[in-house]
Amino acid sequence: MLQGPVIILTSFAYLGILFAIAYYADQRADAGRPVIANPYVYSLSLAVYATAWTFYGSVGRAASDGVGFLPIYIGPTLMIALWWLVMRKIIRISKQNRITSLADFIASRYGKSALLGGIVTIIAVIGILPYISLQLKAVSTSYSILVQYPEIVMPQALGEQSMRDDTALWVALILAAFTIAFGTRHLDAAEHHQGMVAAIAFESLVKLLAFLAVGVFVTFILYD
């Protein structure tokens, strides 16, 4: 069983690394030497699609249904084939109209309707809130598992928790601070949020190495 303070300190150390990488990338971008102008960094940043809940959902579906989890990825896989054509057009339209959001993009295609943009914004917020809550729940559950292992008690079995013990709340505040610092400082269509992209790429590399390590362990060591 890992001690809570150890997990917290490790988490803050990791967040510190992410902040440092994001800050470094922003400084390089300001100096005209961007670190994200690299196909490997860009490819790794696309893994933002795979969230914390993707890990629980995909692994859970694979454990219960076998290959039944694969259809989840059919859409993104098919989209890759059209990526070059579709993304070029989206980027061109966004730069021409200085578009910074999905609502603005859709509204611009229909006479720049403010009403339509508002409706799209409301639908997007309603649609994404449950998914964000799942991400926070996944992080909170992971923390609980690490602290309590091998005697695991899921959060819902603990009853009402105080604000001090609400892991999801603190994670949300930290993520909000990170997003404000490196993601939403400038609402400019030409702004690429290079610090954010670099941090996501580094996270993806860590996840990739972690999954490979677990895969090697399970395949060659666990059942040997």
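Here are labelled values, [x] 181; [y] 160; [z] 123, and one is the computed volume of the Cα convex hull per residue in Å³ for what I pasted. Which one?
[x]
Which order do the peptides 70-77, 132-139, 36-43 take when ranked by the mean count of other beta-carbon atoms within 10 Å per residue, highest first?
Ranked from most to least packed, the peptides come out as 132-139, 36-43, 70-77.
For the chain, find the longest principal axis of its Cα atoms and tell me its angle to the long axis of helix 167-182, 0 to 90°, nearest 10.
Long axis of 167-182 versus the principal axis of the chain: about 30 degrees.
About the Cα centre of region 4-222, what is the dipole size in debye to 20, counting +1 per Lys and Arg Cβ and -1 per Asp and Glu Cβ, all else neutral?
Dipole magnitude for region 4-222 comes out near 900 debye.
Enter the angle in degrees (range 0 to 90, nearest 10) between the Cα long axis of helix 194-217 and the first principal axis of the Cα atoms of the chain, meaning the one along which they spread out most.
Roughly 40 degrees between the two axes.
Go ahead and set up a Gaussian network model of the chain, Cα springs under 10 Å, then flag whichever of Ala213, Ala20, Ala198 fluctuates most.
Result: Ala213 has the largest fluctuation of those listed.
Tell me the relative contact order for the chain as a rounded percent, counting alpha carbon contacts under 8 Å between residues six or more apart.
About 40 percent, as a whole number.
Does region 21-131 classify as rounded, prolate or oblate by the C-alpha gyration tensor (a ≥ b ≥ c root eigenvalues; a/c under 1.5 gives rounded; else a/b over b/c gives prolate, otherwise oblate)?
Verdict is oblate for region 21-131.
I'd like the orientation of helix 114-148 relative to the chain: the angle between its Cα long axis and the longest Cα principal axis, in ° from 0 to 90, rounded to 10.
Approximately 20 degrees, to the nearest 10.
Since every read-out is calculated from the coordinates, none of them should be taken as a lab result. These figures come from a predicted structure and were not determined experimentally. A quick note on method: Cβ atoms are made from the backbone with ideal geometry, for glycine too, and the neighbour counts reach across all protein chains shown.
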